[in-house]
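The values are calculated or read from the model by the stated rules, or taken from the named source; none is laboratory data. Everything quoted here is computed from the prediction, not taken from an experiment. All Cβ positions, glycine included, derive from the backbone under ideal geometry; neighbour counts span all protein chains shown. We work out accessible area using only protein heavy atoms, side chains counted, and drop any ligands, DNA or RNA first. Shrake-Rupley method; radii C 1.70, N 1.55, O 1.52, S 1.80 Å.
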Amino acid sequence: METRRDERISQLIQALKRRDKLHLKEAAALLGVSEMTIRRDLNAHSAPVVLLGGYIVLEPRSASSHYLLSDQKTRFVDEKRKAAARAAALVRPHQTLFFDCGTTTPWIIAALDDDLPFTGICYSLNTFMALQEKPHCRVILCGGEFHASNAIFRPLNFNETLRNLCPDIAFFSAAGITPRQGVTCFNLDELPVKHWALEHAQQHVLVVDSSKFGKIRPACMGPVNAFSLIVTDQRPDNEFVAFARDENVELLW
């Protein structure tokens, strides 16, 4: 027998078939209930819809060609944390650092000493939340159009902020890496900021857990040798190690 909660979830799913996201306040008005009721509905049991950054979105767990931040943050946590800790050790006081979107970069920030003074540049909501926890961090959040599925802000005008910045280190995340296809991610809307960081940062550090090797995703970030250093949680296979050596790309695990 369908409960009232099930009915509300069904209504949300139907609404999301017509648009990619629905603000919590809009959803409450649509269903004639409080925002707290909707929060309880989504938290009570697993559902094909989730609340992310104040927006309700579909959670396409069965679609491998899609990316949802809430789905990825519980995957390969130990591996991400290990790689992130190694990457964090590269940072020195008073540097300007760019942090990519995704679920690995917040672990880099978490591994930084709370007494470390630095400037952090970001364009995603979860990375911003991690940076603002660091007491000696000057945070620069690049605004723009918000994309709920990966919680990023896509800049509308690069000249407003990004063109004025030259990070010492850019920490990149990715969803796939192979010698031939290079470094890839799920979402095309992330590429403008990633490519800006590749152009302007002095050092390019790719931080990926070992599950990303051998995977190819739809959006191309660039060739492997666009990154001076790749940090991961364990040694890649011999073929990739040899390839990285030939391309003068340093590996750290």
Return the total of residues in the stretch 140-168 being hydrophobic (A, V, I, L, M, F, W, C), surrounded by 15 or more Cβ atoms within 10 Å (Cβ to Cβ) and farther than 25 Å from LEU24 by Cα.
3
Would you confirm whether or not the stretch 98-112 contains a residue that is assigned to a strand (DSSP E or B), closer than 15 Å to ALA170 by Cα and in contact with a strand residue (DSSP E or B) (Cβ under 6 Å, 6 or more places away or on another chain)?
yes
Under 6 Å between Cβ atoms, at least 6 apart or on separate chains: pull out the pairs that start in the stretch 80-108 with a residue that is closer than 28 Å to ALA148 by Cβ and end on any residue that is among the basic types (Lys, Arg).
THR103/LYS73; THR104/LYS80; TRP107/LYS80; TRP107/ARG81
Could you identify the single residue in ALA174, ALA88, ALA83 that is surrounded by fewer than 22 Cβ atoms within 10 Å (Cβ to Cβ) and on the phi < 0 side of the Ramachandran plot?
ALA88
Out of everything in the stretch 1-39 that is more than 19 Å from ALA148 (Cβ to Cβ) and not in a helix (DSSP H, G or I), what residue ends up being least open to solvent (accessible area, probe 1.4 Å)?
VAL33
I need the full set of residues from the stretch 113-125 which are surrounded by fewer than 23 Cβ atoms within 10 Å (Cβ to Cβ) and not β-branched (Val, Ile, Thr), in order please.
ASP113, ASP114, ASP115, LEU116, PRO117, PHE118, LEU125
